[in-house]
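Engineer: Sharing a structure with you now.
The values are calculated or read from the model by the stated rules, or taken from the named source; none is laboratory data. Values in this document were obtained by computation on a predicted structure and should not be read as measured data. In this analysis, Cβ positions are derived from the backbone assuming ideal geometry, glycine residues included, and neighbour counts consider all displayed protein chains. Heads up: the accessible areas ignore ligands, DNA and RNA and are worked out on the full protein's heavy atoms, side chains in. Shrake-Rupley method; radii C 1.70, N 1.55, O 1.52, S 1.80 Å.
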Amino acid sequence: MQASRRLFLKLLATTAVSRWLLDGVQAAAHKKSSETVVSSERGDLRLALISDLNGPYGSTHYSATVGQGLDLLSQLKPDLVLCAGDMVAGQKISLTDSQLEAMWSSYQSTILNPLLQKGVGVIPTMGNHDASSQRSGSRYVFARERIQAASFWERQKNLLGLQFIDAKDYPFQFSVRRPGLFVVVMDASSASVDRGQQRWLEQALVSESRSPDDCCLVMGHLPLTAVSVGRDRAGECIEDAMHLTDLMQRQRVDLYLSGHHHAWYPGELKGQRVLSLGAMGNGPRRLLGAQHKSDPSLTLLDLFQATKTVRETTFSLKTAEPISPDSLPMQLRSKAFPSLDRRSTHWSYGS
Ligand SMILES: [Fe+2]
């Protein structure tokens, strides 16, 4: 009895020491990868791209990977954070106004304020869980959610560190500029981006405020074509996207950013450079043709203005390490949507 107790205590001690050692190794690995991140060459402008933070319907909590993403952002010190939507967990008719308010309040205290307090500018985009533009006849199905989102973002407008160019329909569609950067946000919170919005987008892109030296980004929640398994169906990608793709190419858009498919993929669609962002929170998905689910992730864009080049780096929020683009399929194919080719994560911008 005494011998077995001694053996048990010895095993316990060995396990505890092993765990302590393992924790030490893991902590050192995380520290090392963080140091690599911080020491990598910083662009003249550093943008962090995040998307899809929400938990289950009505939730005021964010998952551990969102916390890990915020920690990483603290080390990366971006000038601006661009969020491609799904910041709260709406898109449910039964959610009350006070539940919607509580979700936005949690977003403000957990995500937005910590970034703004560090002097980081924030560009939001409305996702289907924030303020869906889905219609039934002439009415918005989630009209109350759109009113709540508009009210919340109106209160934040002057705190976001942004120079607005066209903000008549902020926060649903608007444009902003910083020296060397021009960003247009459109309302792709449902699959319907109508002709009126496409005309507005074209006008926004020919603005006198846009310089030929600017890197021009367009951001919307839904992508132009299918990226992930389960989202390669009607309603999950923008309808009539070839018209929009042609418009973006005609107006020399350097990159179209989207979320919603919860899988990182730097792609090229009929010559247009696009970027599908991984989810920061729950529900990572499998890329079309891939075996495993994508890691939760965030992407960094470093802009080098003298050479007008961009370096994209995408970090797994499981490991805090960069993910190699070589690990991604060369092409994403789907039956109902145009295929997407993998592209380089180093590219030139401007005309
Ligand atoms: Fe979404």
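Engineer: Express the C-alpha Rg of the chain as a ratio against the empirical globular expectation 2.2 N^0.38 Å, rounded to two decimals.
Structural biologist: Details: Rg = 21.5 Å, N = 351, 2.2 N^0.38 = 20.4 Å.
Rounded to two decimals, the normalised Rg is 1.05.
Engineer: While we're looking at this one, here's another question. Rank P296, P266, P329 by mean-square fluctuation in a GNM of the chain with C-alpha springs under 10 angstrom and give only the top-ranked residue.
Structural biologist: Comparing P296, P266, P329 in a Gaussian network model of the chain, the most mobile one is P329.
Engineer: Given the rule -39500 (n - 2.57) for each run of at least 4 DSSP H residues, summed and divided by the residues of the chain, what is its mean residue ellipticity at 222 nm, to the nearest 500 deg cm²/dmol?
Structural biologist: Working: 8 runs with 106 residues, N = 351.
Helix contribution divided over all residues of the chain: -9500 deg cm²/dmol.
Engineer: Kindly sort H262, H61 by accessible area of their heavy atoms, largest first, with the probe set to 1.4 Å.
Structural biologist: Numbers: H262 20, H61 135 Å².
Accessible-area ranking of H262, H61, largest first: H61, H262.
Engineer: Report the accessible area of V310, computed with a 1.4 Å probe over the heavy atoms of all protein chains in place, in Å² rounded to the nearest 10.
Structural biologist: Accessible area, nearest 10 Å²: 0 Å².
Engineer: Per residue, how much space in cubic angstrom lies within the convex hull of the C-alpha atoms of region 97-244?
Structural biologist: Values: hull volume 20.3 nm³, N = 148.
Enclosed volume per residue, from the Cα hull, is 137 Å³.
Engineer: Now for a separate question. Rg (Å, one decimal) plus Dmax (Å, integer) for the alpha carbons of region 169-246?
Structural biologist: Reported Rg and Dmax, both Å: 13.4, 41.
Engineer: Here's a follow-up. What number comes out for accessible area per residue over region 277-351 if the probe is 1.4 Å? Units Å², please. Could you put the intermediate results ahead of the total?
Structural biologist: Numbers: 3560 Å² over 75 residues.
Value for region 277-351: 48 Å² per residue.
Engineer: Moving on. Does anyone have the angle between helix 97-107 and the longest principal axis of the chain? Alpha-carbon axes, 0 to 90°, nearest 10?
Structural biologist: Here the helix axis deviates by roughly 70 degrees.
Engineer: Going 7 Å from the Cα of H61 along its beta-carbon direction, which residues of region 265-297 have the amide nitrogen within less than 17 Å of the resulting point?
Structural biologist: Residues 281-283 qualify, since their backbone N sits under 17 Å from the label point.
Engineer: Next question. Enumerate by residue number the GluC sites (Glu not before Pro) in region 191-281 meeting two conditions: DSSP loop (anything except H, G, I, E, B), and at most 16 other Cβ atoms within 10 Å of the site's Cβ. Please report the intermediate quantities before stating the final value.
Structural biologist: Values: sites: E202, E208, E236, E239, E268; in loops: E208, E236, E239.
Taking region 191-281 and a limit of 16 other Cβ atoms within 10 Å, the loop GluC sites (Glu not before Pro) found are E208, E239.
Engineer: Roughly how many debye, to the nearest 20, is the charge dipole of the chain about its Cα centre, given +1 on each Lys and Arg Cβ, -1 on each Asp and Glu Cβ, and no other charges?
Structural biologist: Working: 39 positive and 34 negative charges, 193 e Å.
Computed charge dipole of the chain: roughly 920 debye.
Engineer: Per residue, how much space in cubic angstrom lies within the convex hull of the C-alpha atoms of region 279-346?
Structural biologist: On the way: hull volume 7.7 nm³, N = 68.
Dividing the Cα hull volume of region 279-346 by its residue count gives 113 Å³.
Engineer: What's the angle, to the nearest 10 degrees (0 to 90), between helix 64-76's Cα axis and the longest principal axis of the chain?
Structural biologist: Compared with the principal axis, the helix lies near 80 degrees.
Engineer: Here's something else I'd like to know. Taking all protein chains as present, what is the carbon and sulfur share of the accessible area of the chain, in % to the nearest whole number, probe 1.4 Å?
Structural biologist: Numbers: 8460 of 15950 Å².
Summing carbon and sulfur atoms, their accessible area is 53 percent of the total for the chain.
Engineer: Cut-off under 12 Å on the C-alpha distance; same-chain residues fewer than 8 positions from K308 excluded. Which aspartates and glutamates are left, in chain and number order?
Structural biologist: Straight-distance partners of K308: D44, D213, D214, D254.
Engineer: Got a number for the accessible area of E312? Probe 1.4 Å, square angstrom, nearest 10.
Structural biologist: 10
Engineer: Based on the alpha carbon coordinates of region 107-148, what radius of gyration and maximum Cα-Cα distance (Dmax) apply, in Å?
Structural biologist: Cα-based Rg and Dmax for region 107-148 come out at 13.9, 44 Å.
Engineer: A further question on this structure: For region 43-348, build the charge dipole from Cβ charges (+1 Lys, Arg; -1 Asp, Glu) around the Cα centre, then report which of Q75, S133, M219 sits farthest towards its positive end.
Structural biologist: Ranked along the dipole, the leading option is S133.
Engineer: Which value in Å is the Kirkwood Rh of region 175-326 over different Cα pairs? List each step's numbers first, then the result.
Structural biologist: Values: mean 1/r = 0.0622 Å⁻¹.
The answer is 16.1 Å.
Engineer: Roughly how far apart, in whole Å, are the Cα centres of region 68-147 and region 327-348?
Structural biologist: Cα centroid of region 68-147 versus Cα centroid of region 327-348: 28 Å apart.
Engineer: Ignoring ligands and nucleic acids, what accessible area does W347 show with a 1.4 Å probe (Å², nearest 10)?
Structural biologist: Probe radius 1.4 Å; accessible area of W347 about 20 Å².
Engineer: Something else now. As I understand it, the value is the acute angle between the Cα axis of helix 2-39 and the longest principal axis of the Cα atoms of the chain; what does it come to in degrees, rounded to 10?
Structural biologist: 30
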